[in-house]
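Trainee: Pasting a structure here, questions to come.
The values are calculated or read from the model by the stated rules, or taken from the named source; none is laboratory data. As the structure is a prediction and not an experimental result, all values here were calculated from the model. FYI the Cβ positions are ideal-geometry reconstructions off the backbone, even for glycines, and counts take in every protein chain you see.
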Amino acid sequence: MCKMRCLFSYFSAVRCPINNPLSFCKGYNQFISNMAKVIAPALSLRASGNLGDINYTEWRGAAIARIKNPAVQPNTSLQLAQQANVAAAAAAWSTSMSEFERNTWEEIARNCKWSDRMSVRWTPSGYQLFMKFSVQALALGGSIQTIPTLPFPSTLPSRAQVTYNASIPRAEIILDTYPAGQDPDLIQVFRAGPFNGGGRRAIKPEYRQLGSVVTPFQFNDATVTPLKWYWFRVRWGFLIGIVGNWFEMQLECV
């Protein structure tokens, strides 16, 4: 019995933050048993990363070597598609674009302000701005724009709603009512659920993409289960790589 297992047993009156403490201990012990402290790893002063089937890293300030763990979960089709989009955009910046086109992105980026998760505002580089819009454009089914389209619309007044059609049955997601002449190219729809009740808000990792649809901008989801709760996220997008803010809506299928 490992020390950590004894610790969890000792504090059994307190709810453990780990869902399965015994499984965690087993993985922790396996991690410890499959590694070795090394001096001058890989015939160097310091090594980091994989070399064959060996992974070199640091743990508690000491250089260690351990067996490279295989991926727990293989990449999904969406992840592989995103990796291909990033590679295509990076290749376009470095090989296909002229110096004038790259400088154009740099000039526009100087007037942009982005915010991180801590609400700290910062100025992106031209490369970062280009990659953001290019990867989004490819994900939406568009193409890479070597010269940016101006201006970038930041907001687009619109109306979002989700209803349950019990006679079919299906969920009907709508994002429409745009200003005249400013219709987007499509809308994207994501869904989280099903849930047994509507007492909590879905978090980002729980959402899965359902798809996208063009005008009249109504997405029908016939895979919902009656008497269950769902969360939906929907946003508009332009094929040049511009997307809007998310609309989040909850639906009870009754």
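Trainee: Tell me, yes or no, whether segment 173-189 has at least one residue that is loosely packed, with under 14 Cβ neighbours inside 10 Å, over 24 Å from Gln79 (Cβ atoms) and touching a residue at least 40 places away in the same chain (Cβ under 8 Å).
Mentor: Initially, segment 173-189 is screened for residues loosely packed, with under 14 Cβ neighbours inside 10 Å, giving 177, 179-182.
So of that shortlist, the ones also over 24 Å from Gln79 (Cβ atoms) come out as 177, 179-182.
Within this subset, residues satisfying the condition of being touching a residue at least 40 places away in the same chain (Cβ under 8 Å) are none.
Looking through segment 173-189, none of the residues is loosely packed, with under 14 Cβ neighbours inside 10 Å, over 24 Å from Gln79 (Cβ atoms) and touching a residue at least 40 places away in the same chain (Cβ under 8 Å).
Trainee: In segment 76-85, which residues are under 16 Å from Ser134 (Cα atoms) and either of a type in the set (Ser, Thr, Tyr) or in contact with a helix residue (DSSP H, G or I) (Cβ under 6 Å, 6 or more places away or on another chain) (or both)?
Mentor: Asn85
Trainee: Follow-up. Every residue in segment 107-118 that is more than 13 Å from Ile147 (Cβ to Cβ) and either at pLDDT 90 or above or not hydroxyl-bearing (Ser, Thr, Tyr) (or both), please. Please lay out each step first, then the result.
Mentor: The first filter runs over segment 107-118 and keeps only residues more than 13 Å from Ile147 (Cβ to Cβ), leaving 109-118.
Result: Ala109, Arg110, Asn111, Cys112, Lys113, Trp114, Asp116, Arg117, Met118.
Trainee: Now for a separate question. Kindly evaluate Leu210 against the criterion of being touching a helix residue (DSSP H, G or I) at 6+ places or on another chain (Cβ under 6 Å), modelled with pLDDT of 90 or more and of a type outside the set (Gly, Ala, Ser). Show your work before the answer.
Mentor: Working: touching a helix residue (DSSP H, G or I) at 6+ places or on another chain (Cβ under 6 Å): no; modelled with pLDDT of 90 or more: yes; of a type outside the set (Gly, Ala, Ser): yes.
In short, no.
Residue by residue, here is whether (1) in a loop (DSSP other than H, G, I, E, B); (2) among the charged types (D, E, K, R); (3) at pLDDT below 90; (4) surrounded by fewer than 19 Cβ atoms within 10 Å (Cβ to Cβ) holds:
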{"site": "Gly199", "(1), (2), (3), (4)": "yes, no, yes, yes"}
{"site": "Ala202", "(1), (2), (3), (4)": "yes, no, no, no"}
{"site": "Asn220", "(1), (2), (3), (4)": "no, no, no, yes"}
{"site": "Thr223", "(1), (2), (3), (4)": "yes, no, no, yes"}
{"site": "Leu227", "(1), (2), (3), (4)": "yes, no, no, yes"}
{"site": "Tyr230", "(1), (2), (3), (4)": "no, no, no, no"}
{"site": "Leu251", "(1), (2), (3), (4)": "no, no, no, no"}
